[in-house]
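The values are calculated or read from the model by the stated rules, or taken from the named source; none is laboratory data. For clarity, every value in this text was computed on a predicted model and none was experimentally measured. Reconstructed Cβ throughout: ideal geometry from the backbone, glycine too, with neighbour counts over all protein chains shown.
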Amino acid sequence: MSDAVTVPRTRTKPKTERPKLHKVILVNDDFTPREFVVRVLEAEFRLSEDQAYRVMITAHRRGVCVVAVFTKDVAETKATRATDAGKRAGYPLLFTTEPEE
Ligand code: TYC
């Protein structure tokens, strides 16, 4: 009997799929004050005042703006917290999420 050891000639590398990232989207409305939107973006998404202003003004002009991308859980939690901050102040401010392609 042969002592030959069979060495596999191809390696099967276990593939770990990266979790799909989800966008948090700021939606424009006619009632929430610009300054309030900027403050929420700074507080919840850690944007600088400059970044927050740009995101706010883009949503104001175009209707929506992507704030940032996160894993699904983090995106949903942040969108909910930011929307709730508006609600508590009596504004219809809305953040939604959607998966990245
Ligand atoms: N459009 C609002 C205003 O003129 C400001 C605003 C900007 C509100 C972006 C929501 O996502 C928003 N006061």
Segment 6-27, residues that are of a type in the set (A, V, I, L, M, F, W, C) and at pLDDT 95 or above: L21, V24, I25, L26, V27
Options D30, D3, D50: the member that is modelled with pLDDT of 85 or more and more than 12 Å from the ligand (Cβ to nearest atom): D50
Helices (runs of 4 or more DSSP H) contained in segment 14-101 and holding at least 2 residues touching a residue at least 40 places away in the same chain (Cβ under 8 Å): 34-45, 72-88
Single residue of segment 11-27 satisfying the filter (among the β-branched types (V, I, T) and more than 9 Å from the ligand (Cβ to nearest atom)) that is farthest from R88 (Cα to Cα): T12
Residue that is nearest to E98 (Cα to Cα), among those in segment 16-41 that are over 14 Å from the mean Cα position of the chain (by Cα) and of a type in the set (D, E, K, R): R18
Odd one out for A59, checked against (1) surrounded by fewer than 11 Cβ atoms within 10 Å (Cβ to Cβ); (2) within 14 Å of the ligand (Cβ to nearest atom): (1)
Meets criteria (surrounded by 10 or more Cβ atoms within 10 Å (Cβ to Cβ) and within 13 Å of the ligand (Cβ to nearest atom)) for V74: no
